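Presented below is the structure to which this report refers.
The values are calculated or read from the model by the stated rules, or taken from the named source; none is laboratory data. If you're wondering where the values come from, they're calculated on a predicted model, not measured in any experiment. Every residue, glycine as well, gets a Cβ built from its backbone with ideal geometry; the counts of neighbours run over all protein chains shown. The area values use the complete protein model at the heavy-atom level, side chains included, leaving out ligands, DNA and RNA. Shrake-Rupley method; radii C 1.70, N 1.55, O 1.52, S 1.80 Å.
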Amino acid sequence: MTSHISTGTGIRRRPSPVWLVPVLWTLALGVWGLSRQNSVWRDEAATWQVAERSPVEIWHLLGNVDAVHGLYYLLMHVLFEVFGASTATLRLPSVLAVAVAAGCVAVIGRRLAGPWAGLGGGLALGLLPAVQFQLQEGRSYALIAGGAGLSTLLLVSLITSGGAGPGRRSRARWTAYGALVLVCALLNWFSLLILPAHAVTLWWTRAGRRVVAPWLLASGAAVAGALPLILFSRTQSGQVSWIPPLTWHMMIGPGVLLAIGALCALADRRNGPRAGLPARLTAASVGLPLLAVPLLGLAAASLVQPLFLDRYVLFSMLGLALLIGAALGVAVRALAPRCPRASGALVPAVVAVAAVALLPVALADRSPASRVDDVLAVAGEVSALKRDGDAVLFVPAARRDTALVSPGAFAGLRDIALARGPVESGTLKGEEADPARISAALREQRRVLLVTDARQAARPSGSPADRAKAAVLRADFTVVEDIEVRGRRLTVYERRG
């Protein structure tokens with residue numbers, strides 16, 4: 001894992017770029033099946049339709065809803081403008097971000113536990129099921145994982161140097177650290193849970209004042225910068241009202257991950273301190289807090305208000321990958337004296353076995369069935385069945401995302417329930433007319449296309465407008481077509497007689 005450089009005085013060992021293999025491996029995993037059979041589900045549809053709005057229209061939206069995702073929407077707007085709207089443009093930022101995170105895990109692992117630990121951890125990250133799901137997701141969580149990897153790498157570097165070095169260079173690195181934490185917080189402020197994780201690492205390593213003082217300053221600046229967004233987004237807390245209360249069974253998966261991380265941390269004790277590093281700066285002191293603190297912190301917050309979604313702390317998986325890499329490094333070191341050749345093949349062999357074992361998970365994540373629904377598939381059915389002059393309805397109104405992502409498929413149809421469009425109203429789904437006006441407009445139609453959820457996913461709607469739609473359709477119309485495709489349902493009604 002090293003190369004050699006001849007010098008006038010002998011041979012100098014130069015570390016090989018351990019990070020390169022995990023980066024390329026993660027990019028390959030990300031590009032594989034990137035389009036998911038040309039499917040886009042409802043969360044990604046929100047990104048898509050907002051990214052196609054102008055910055056002024058996005059700003060209008062953020063005043064009413066989704067302020068927590070504002071920076072991400074603006075970033076995706078720029079990418080859509082430059083590269084065009086497509087599933088590749090939607091998802092490649094996440095692929096690239098996880099590849100960056102894998103490279104950071106590899107560099108940190110190499111520095112703290114040796115080259116095989118770095119290689120194993122970097123390769124393991126892209127295989128973790130939670131990471132594989134978000135690797136190809138058109139949302140902000142993978143980008144936050146990339147930022148978390150960079151900020152953790154910076155912290156390890158600063159702890160290693162004791163926060164010292166040339167003054168200008170040290171200040172630049174602390175500024176970069178604070179800026180990364182702030183950008184991640186502006187992408188989603190739950191990412192600030194990385195700060196207590198880093199605080200535990202500082203305590204564990206007994207970092208001195210020359211590290212702790214600038215860390216407090218950089219962290220405080222990042223929190224202060226994100227505070228206006230935090231306070232404003234709390235006024236939109238209704239957006240997360242659908243998240244169920246935390247239960248014990250919801251903690252089974254995180255509990256298993258924490259147990260695996262703890263076992264790997266115990267194994268890391270056999271790696272011993274690395275030359276030139278503080279004695280307590282190990283893969284365990286960085287990885288275990290990064291894994292445990294965000295998960296437990298989000299669970300604690302969910303006891304006050306239900307918020308527990310593991311994707312909010314996806315970046316904690318970097319800690320697990322780092323710990324897995326450290327355990328693999330211990331195994332290689334233990335095997336090397338007896339079987340030197342076999343020890344060199346251990347990490348590739350373990351990764352290959354894990355990749356084969358997790359192949360069903362990888363294939364499932366790359367299929368449309370891995371998500372709740374597919375807004376593009378039902379749009380195709382609408383395009384095939386519509387007739388000029390038909391009306392269209394959406395139940396609930398949020399299913400209008402199909403038309404917003406694929407407007408061409410709905411050309412010629414009249415959205416008779418819509419009073420103000422999503423762009424005009426600064427919302428994701430638009431504003432619908434009152435039930436009486438919807439009922440009156442519906443009774444004037446001869447043929448209506450209804451886009452809704454598939455039967456198994458449909459929920460009784462409490463919306464008066466949706467109840468009015470259903471009542472008139474039952475009383476005055478007959479079903480002539482009823483199709484379910486990838487989590488969405490298209491029903492075609494014709495007036496009786």
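Side notes on the structure shown:
- Cβ charges +1 (Lys, Arg) and -1 (Asp, Glu), total dipole of the stretch 376-426, debye: 60
- Note on the stretch 413-455: Rg/Rh from C-alpha atoms, Kirkwood Rh, equals 1.00.
- Gyration tensor (Cα) of the stretch 108-252, equivalent ellipsoid semi-axes in angstrom: 28, 22, 14
- For the stretch 38-196, the equivalent ellipsoid built from the Cα gyration tensor has semi-axes of 31, 20, 12 Å, listed from largest to smallest.
- DSSP bridge analysis restricted to the stretch 325-480 gives an antiparallel fraction near 20%, rounded to the nearest 5.
- Based on the convex hull around the alpha carbon atoms, the stretch 213-269 presents an average projected area of 7.1 nm².
- Accessible surface computed residue by residue for the stretch 353-497, with neighbouring protein chains in place and a 1.4 Å probe, gives 47 Å² per residue.
- FRET efficiency for Arg495 and Gln239, using Cβ-Cβ distance with R0 set to 30 Å, rounded to 0.05: 0.20
- Between helix 141-160 and the chain: long-axis angle, C-alpha atoms, 0 to 90°, nearest 10: 20
- Efficiency of FRET between Leu231 and Thr478 - r from beta-carbon atoms, R0 56 angstrom, step 0.05: 0.60
- Averaged per residue, the stretch 150-241 has 48 square angstrom of accessible surface, using a 1.4 angstrom probe with ligands and nucleic acids left out.
- Loop-exposed trypsin sites (Lys or Arg not before Pro) per DSSP, neighbour cap 14 Cβ within 10 angstrom, longest uninterrupted part of the chain: 1-205
- What separates the Cα centres of the stretch 400-417 and the stretch 213-237 is a distance of 39 Å.
- In the stretch 299-391, chymotrypsin sites (Phe, Trp or Tyr not before Pro) in a DSSP loop with at most 15 other beta-carbon atoms within 10 Å: none
- Mean Cα-pair separation over length for the chain, i.e. relative contact order, pairs under 8 Å, 6 or more apart, %: 17
- Close amide H partners of Glu481, meaning residues 5 or more places away or on another chain with modelled amide H under 5 Å apart, are Val492.
- Proximity of backbone amide H atoms, modeled 1.01 Å from N, is registered between Asp415 and Val392 at under 5 Å, excluding neighbours fewer than 5 places apart on the same chain.
- Average Cα contact separation per residue, the stretch 19-150, under 8 Å, 6 or more apart, as relative contact order %: 35
- Length gained on full extension, Thr247 to Ala436, computed as 0.36 nm times the residue gap minus the Cα-Cα distance: 63.9 nm.
- With semi-axes defined as the square roots of five times the eigenvalues of the C-alpha gyration tensor, the equivalent ellipsoid of the chain measures 49, 24, 19 Å, largest first.
- Carbon + sulfur, % of accessible area of the chain - ligands and nucleic acids excluded, 1.4 Å: 65
- Whole-percent pair-distance distribution, where bins are 10 Å wide, for the alpha carbons of the stretch 181-278: 12, 27, 32, 23, 6, 0
- Of the residues Val372, Gly70, Ser94, the one whose Cα sits farthest toward the positive end of the charge dipole of the chain, with +1 on the Cβ of Lys and Arg and -1 on the Cβ of Asp and Glu, is Ser94.
- Added length on full extension, which subtracts the Cα-Cα distance from 0.36 nm per residue, Ala357 to Leu303: 15.9 nm
- Subtracting the Cα-Cα distance of Ala213 and Arg169 from their residue separation scaled by 0.36 nm leaves 14.2 nm.
- Dipole of the chain, positive end: most advanced residue of Trp48, Ser219, Leu404 [Cβ charges, Cα centre]: Ser219
- For a label point 7 Å along the Cα-to-beta-carbon line of Arg387, residues of the stretch 452-482 with backbone N under 17 Å: 477-482
- Unit charges on C-beta of K, R, D, E only; dipole of the stretch 247-401, Debye: 860
- Selected from Leu320, Ala267, Ala354, residue furthest toward positive end of dipole (the stretch 265-365; charges at beta carbon): Ala267
- By DSSP, the beta bridges lying fully in the chain are antiparallel in about 75 percent of cases.
- Mean separation of Cα contacts under 8 Å, 6 or more apart, over the residue count of the stretch 101-172: relative contact order %: 30
- Projection of the Cα convex hull of the stretch 251-327, averaged over all directions and equal to a quarter of that hull's surface, yields 5.2 nm².
- Assigned charges on the beta-carbon of Lys, Arg, Asp, Glu; the stretch 12-90 dipole about Cα centre (debye): 720
- Descending principal axes extents, the stretch 243-379, alpha-carbon based, whole Å: 59, 37, 26
- Taken along the Cα-to-beta-carbon direction at a fixed 7 Å, the label points for Ser367 and Leu79 span 2.6 nm.
- Label zone at Ala419, where the point sits 7 Å out along the Cα-to-Cβ direction: the stretch 425-460 residues whose backbone N lies under 16 Å: 425-442
- Normalising the Debye intensity of the stretch 316-421 to I(0), with uniform scatterers on Cα atoms only, and taking log10 at q = 0.15 Å⁻¹ returns -0.76.
- Panel note: the C-alpha atoms of the stretch 415-497, placed on their principal axes, show extents of 37, 31, 21 Å (largest first).
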